[in-house]
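Accompanying notes for the structure given below.
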Amino acid sequence: MDAEEIRDVFTKSARDLLEYDGDGHGPANTAVRVASYELVGKNSILLTLEENIDDTIGAYLYLGDRLVLGNDMVGYSFYDRNTKTLGATIENAGIMGMIAAEKPEMTLEFDLSFLIRNAAEYYGEYGELIGYPDRAPRFADGDILFPSRFSPSGQQRDAVRTILNSRLSYVWGAPGTGKTQMVLATAIMAYMRRGGRIAIIAPTNNSVEQVLRGVLGVIGSDEEFGKAVDPARDIARVGTATEQFIEDYPELCEGKSIAMLISKKNKEVRLLGEIIQEKELDVIAAHFRALEMLAQERKKPADRGAKREMERQIDRLVSEINAVLGENSLYGDLTRDLTSMNFEHQIAAAKQRLYQRDRPKNSIP
């Protein structure tokens, strides 16, 4: 087949797959159930997911079985992998009201068919430049070294031999048959031991990293492979790596991926700081209510002992409020206000400033 025939076959296959998936048969959609959620402020929701996700690209939020929200209706502000918490924003007041009233079950679904469309468009534009390699490699059986901890089967040996002596090959096997850690890793290592350069390409970040993890696992556990390849020197993870891969193999990742992770972590730290701040304010809300009651009580006739007890209670509550607000640059001035002469007025003003405002980050599961 020439390049034009390959392009035509690929684009037709992509159209057939999209049609098949559109009929509800295909694998383009994946779903993650929302285990619980909490409405926060006027238009924010904190979603706790049953499983971790890597991105919100192509995400649709299903509310029960009758309403679906795409990216034009819902935005996603942050994601915390530790708690599987996803922050979402819905500006439509009617939808937020429905959620508050009906409390529907929610599911996050991801439409990955855009990957098929993107590939079809790419082949449509550049397919004539894509064809079989001009030359086939040549590897004798003596050039093929299998990982020492494995005993390859005849089929696995044939697969490696085919890969290393063909211009193009396709290897299929059920999960657990050694495609990555046996066949692919052996083929890659054969090239690298010969001084060749390998490009591992896959449609998703997870696919690339699954292969890399398999190869790295073999290199780390095999003495001969370890002598031939130094991962920190010879392997580079190009592109946007997943957070987990950066944490596991930072020395293999591009600087921009690490910079993106640092930026993301800094944002999460700021966000958690704001959440902690709002939680602290919730703790002292009861203190303000108690101060209001005491301020009213001390206006009433009472003996000197009762008056002194009220003052001691007020001083204790103000001291505890000061302990929370004193280190806060935004609200530290309120501690001074609470010691002024117009006590009741200052309590009311402090409450309004602290609690009668939009508080989108005052809760997290």
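The values are calculated or read from the model by the stated rules, or taken from the named source; none is laboratory data. This is a predicted model, so every value here is computed, not measured. Here the Cβ is made from the backbone with ideal geometry for all residues, glycine too, and neighbour counts use every protein chain on show.
For the stretch 60-90, what are the residues that are assigned to a strand (DSSP E or B) and over 12 Å from the mean Cα position of the chain (by Cα)? Those that are assigned to a strand (DSSP E or B) and over 12 Å from the mean Cα position of the chain (by Cα): 60, 61, 62, 63, 67, 68, 69, 74, 75, 88, 89, 90.
Quick check on this structure: which one of 259, 295, 286 is free of Cβ contacts under 8 Å to residues at least 24 places away in the same chain, among the small types (Gly, Ala, Ser) and farther than 30 Å from residue 240 by Cβ?
Details: 259 fails: farther than 30 Å from residue 240 by Cβ; 295 fails: free of Cβ contacts under 8 Å to residues at least 24 places away in the same chain.
Answer to the selection: 286.
Of the residues contained in the stretch 96-104, none is found to be in a strand (DSSP E or B), out of contact with any Asp or Glu (no Cβ under 7 Å at 6 or more places or on another chain) and surrounded by 14 or more Cβ atoms within 10 Å (Cβ to Cβ).
In this structure, is residue 58 assigned by TED's automatic domain parsing to the domain that holds residue 13 and either at pLDDT 85 or above or basic (Lys, Arg) (or both)? No. May I ask you to list the residues in the stretch 159-204 that are in contact (Cβ under 8 Å) with a residue 24 or more places away in the chain and in a loop (DSSP other than H, G, I, E, B)? Across the stretch 159-204, the qualifying residues are 164, 165, 166, 167, 168, 178, 194, 203, 204. Return the residues of the stretch 115-142 that are without any contact (Cβ under 8 Å) to a residue 60 or more places away in the chain and more than 16 Å from residue 167 (Cα to Cα); say none if nothing qualifies. Once the filter is applied, which keeps residues that are without any contact (Cβ under 8 Å) to a residue 60 or more places away in the chain and more than 16 Å from residue 167 (Cα to Cα), the stretch 115-142 yields 118, 121, 122, 125, 126, 141, 142.
Part of a helix (DSSP H, G or I), in contact with a helix residue (DSSP H, G or I) (Cβ under 7 Å, 6 or more places away or on another chain) and more than 29 Å from residue 245 (Cβ to Cβ): which single residue out of 18, 39 fits that description?
18
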